[in-house]
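Heads up, the thing below is written out as structure tokens.
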Amino acid sequence: RDWSSDVCSSDLGLGIARRMAGWFLSRPGRSSKEVDVKISVRLVAWPGKENDKAKKDILRMDSQCFPSDSPARFEERYWWIAYVGKQAVGYAGLHLLGKKGFFCRAGVMKKFRRKGIHQRLIRCRLNKARTLGLESAITYAALHNIASANSLFRSGMELYWPESRWAGQAYYFRKEFK
């Protein structure tokens, strides 16, 4: 199957987040003006099919979002890019680990944060994990990255404590698929 035409169009809605209890990590809510951006998300690379332009865009955004980290890796991963118009403004990856999907990297350009882009990227990865028949999706958020932790929580992922803290001191999240 040619995955290049896949557009993530699922919408679980922001209403889910608004109905959730605010006990996890409190932050000021979004105003309606902040989410009025037309966002499209495309699956741009997958195992066995790398896209050079997409790879270049992801590496550019990755170096800005995580300047002190090693660059994003592409082998055996699915990658999405979020666009506002034709401008790449966010990216996210999914790495297959047996029957689990690991959300390996995600970033949104500073100018476009707080517009729901990260949550859209999370939903795309959750949908792909379900489609691939995986048992669960796992990830983590650094303790200082409250915005990311909130997005994961609002997208239906739950906190858990793995036997081995493979990412060090962090919030660990998972979503089990039935």
Over the range 47-73, the set of residues open to solvent by less than 50 Å² (accessible area, probe 1.4 Å) and within 15 Å of the chain's Cα centre (by Cα) is ILE58, MET61, ASP62, CYS65, ALA72
Looking across the range 150-161 at residues that are over 11 Å from the mean Cα position of the chain (by Cα) and in contact (Cβ under 8 Å) with a residue 12 or more places away in the chain, the single one that is surrounded by the fewest Cβ atoms within 10 Å (Cβ to Cβ) is GLU158
*Hey, any hits in the range 112-123 for a residue that's of a type in the set (Lys, Arg), free of Cβ contacts under 8 Å to residues at least 12 places away in the same chain, out of contact with any helix residue (DSSP H, G or I) (no Cβ under 6 Å at 6 or more places or on another chain) and on the phi < 0 side of the Ramachandran plot?*
no
Per the filter on the range 67-78, residues outside any strand (DSSP E or B) and in contact with a strand residue (DSSP E or B) (Cβ under 8 Å, 6 or more places away or on another chain) are ALA72, ARG73, PHE74, GLU76
Among strands (runs of 3 or more DSSP E) entirely inside the range 79-178, those with 3 or more residues being under 18 Å from LEU59 (Cα atoms) are 87-97, 100-108
By residue number, the members of the range 98-111 that are touching a helix residue (DSSP H, G or I) at 6+ places or on another chain (Cβ under 7 Å) and aromatic (Phe, Trp, Tyr) are PHE103
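The values are calculated or read from the model by the stated rules, or taken from the named source; none is laboratory data. Source: prediction; values computed, not measured. Positions of Cβ are generated from backbone atoms using ideal geometry, with glycine treated the same way; all protein chains shown enter the neighbour counts. Remember, those area values only see protein heavy atoms, side chains included, never the ligands or the DNA or RNA. Shrake-Rupley method; radii C 1.70, N 1.55, O 1.52, S 1.80 Å.
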